[in-house]
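**Student:** Structure incoming, see below.
The values are calculated or read from the model by the stated rules, or taken from the named source; none is laboratory data. All of these numbers come straight from a predicted model, not from anything done at the bench. All Cβ positions, glycine included, derive from the backbone under ideal geometry; neighbour counts span all protein chains shown. The area values use the complete protein model at the heavy-atom level, side chains included, leaving out ligands, DNA and RNA. Shrake-Rupley method; radii C 1.70, N 1.55, O 1.52, S 1.80 Å.
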Amino acid sequence: MVGKLTWYKATSSIMCALMDDGKYFNKQECLKRAIDDKHGIPSDFKSTNRMATGDLLEPVLITEAIRRLGITDLDVDIDYKIEHPLLPLEASLDGLANAENIEITEDIDRGIYLPHATKLILNGRVPIECKVSSEFPQNEPPAWLGVHQLMTSMEILDAEYGILIVLWQGTDFRTYVYKRQPDYADKLKEVVLDFDRRVEEEDWYIPECSEDAYMIFDKANEDDSVMILDDDVVDDINQYMILRDLAAQSEKAADLYLTNVMVSMGNHAKARSADYKVDWGIRNYKATEEKVMPAKEARSVRLKKPIIRRIG
């Protein structure tokens, strides 16, 4: 695969954010980077150790998943981008398979899942996305974990099927086979053309949090001019101050109630009621060799706070 292609053009890798399903970044951040890229301002985007590990594992995971599906025509060394024929949209692929009447049925024992079907017969080009995730396994991955990315690549290639491979928690290896969704093309067109226009006109999305507002207004005037606030803004300030104080009071009150629970439990490691179970046990630490810091002996330390979960 190739890395992030450009920021000033919509790509499959940011589609989850543009569709308001992003987890680690949102569409305002994407727009900010796109506008910066348009002006030649380099992105501070850096590959992490986890991302590098995922890139290393991708060819192995893809090869095994495709073998389990019974597909023999596979390319995992794709060093080019694919572009939508009509929209300002591009993508990079982790892999690309070619299938000819390959029948796929769900087989959970072999890690094969069909989120929207009971049986599929694969034909033609099949784009592949691969993710290594620390999330807990799911029978259908969340939209931000490669689903939008795969759906976008399917639209770019005019492919009827796509494959999403996820290695959950380092051991749970699952392959999800998707059929093209008939209504996705219209959604894709809407958000891509809107993003392209916003980059060109530098028209920001409506801020949804203070970080969004900071991205838009990240520079302050150097003069000493003072803005006079209108009544609506003063009302917002009043509400902010009230809620901020309430949040602080709520946090203090919540800690007091938790203290009462801890005192009631005393030295008990576990407790429960009809609605709750409480675990206030110990966490075990393995012995470590001496490095820069002094060596640590094996020890057991009680959790600082109980973990409370609602039952059912």
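**Student:** Throw me the Rg/Rh for the stretch 144-269, computed over C-alpha atoms with Kirkwood Rh, two decimals.
**Tutor:** 1.18
**Student:** Under a crude label model (7 Å from the Cα following the beta-carbon direction), how far is ARG68 from ALA185 in nanometres?
**Tutor:** 3.2
**Student:** With each run of n ≥ 4 DSSP H residues scored as -39500 (n - 2.57), what mean residue ellipticity at 222 nm is computed for the chain after dividing by its residue count and rounding to the nearest 500 deg cm²/dmol?
**Tutor:** Taking each H run of at least 4 residues, the total per residue is -11500 deg cm²/dmol.
**Student:** Just to be sure I understand the model, the point goes 7 Å from the Cα along the line to the Cβ. What's the resulting SER225 to SER47 distance in nm?
**Tutor:** For SER225 paired with SER47, the spin-label model returns 4.6 nm.
**Student:** Quick one: of LYS23/LYS277; LYS23/LYS179; LYS23/LYS46, which pairs are farther than 27 Å apart, Cα to Cα?
**Tutor:** Table pairs above 27 Å Cα-Cα are LYS23/LYS277.
**Student:** Pop a pseudo-label 7 angstrom from the Cα along the beta-carbon direction at both PHE217 and ALA247 and give the gap in nm to one decimal.
**Tutor:** According to this spin-label approximation, the distance is 1.8 nm.
**Student:** Here is a follow-up. Accessible area of VAL60, 1.4 Å probe, to the nearest 10 Å²?
**Tutor:** 100
**Student:** Here's something else I'd like to know. State the extension gain, in nm to one decimal, for the chain segment bounded by LYS296 and SER134, taking 0.36 nm per residue of separation less the distance between their alpha-carbons.
**Tutor:** Length gained, LYS296 through SER134: 55.6 nm.
**Student:** Which FRET efficiency value, to the nearest 0.05, do you get for ASP172 and LYS119 by plugging their Cβ-Cβ distance into 1/(1 + (r/R0)^6) with R0 = 22 Å?
**Tutor:** Result of the calculation: an efficiency of 0.40.
**Student:** Can I ask one more? Quick one: if the Förster radius is 41 Å, what FRET efficiency do LYS286 and ASP75 give, using the C-beta to C-beta distance and rounding to 0.05?
**Tutor:** 0.45
**Student:** Quick check: net charge around SER133, other residues with Cβ under 15 Å of its Cβ, Lys/Arg +1 and Asp/Glu -1?
**Tutor:** In short, -3.
**Student:** What's the extension gain from TRP204 to ASP235 if we count 0.36 nm per residue and subtract their Cα-Cα distance?
**Tutor:** 8.7 nm
**Student:** Using only Cα atoms, what Kirkwood radius does the stretch 141-186 have, in angstroms?
**Tutor:** 11.2
**Student:** Stokes-Einstein at 4 °C, 1.567 mPa s, Kirkwood radius from Cα pairs: D for the chain in µm² s⁻¹?
**Tutor:** 54
**Student:** While we're on this one: If you build a Gaussian network model of the chain, linking Cα atoms that sit under 10 Å apart, which residue out of LYS32, LYS286, LYS189 swings the most?
**Tutor:** LYS286
**Student:** Something else: Out of GLU289, GLU201, GLU100, any idea which swings most in a Gaussian network model of the chain, alpha carbons joined below 10 Å?
**Tutor:** Answer for the Gaussian network model of the chain: GLU289.
**Student:** In a Debye calculation with equal point scatterers on the alpha-carbon sites of the stretch 1-138 and no solvent, what is log10 I(q)/I(0) at q = 0.14, 0.15 Å⁻¹?
**Tutor:** Treating every Cα as an identical point scatterer, log10 I(q)/I(0) equals -0.81, -0.92.
**Student:** Another question about this same structure. If you build a Gaussian network model of the chain, linking Cα atoms that sit under 10 Å apart, which residue out of ILE128, ILE41, ILE228 swings the most?
**Tutor:** Between ILE128, ILE41, ILE228, it is ILE228 that shows the largest mean-square fluctuation.
**Student:** Can you list which of the DSSP-assigned H helices in the chain have a Cα extent of 20 Å or more along the long axis and an average Kyte-Doolittle score of at least -1.0?
**Tutor:** Qualifying helices: 49-69, 184-201, 231-265.
**Student:** So what is the accessible area of the chain per residue, in Å², with the probe set to 1.4 Å?
**Tutor:** Heavy-atom SASA per residue in the chain reads 65 Å².
**Student:** With just the Cα atoms of the stretch 110-191, tell me how far they stretch along each of the three principal axes, in Å, largest first.
**Tutor:** Taking max minus min along each principal axis of the Cα atoms, the stretch 110-191 gives 35, 29, 18 Å.
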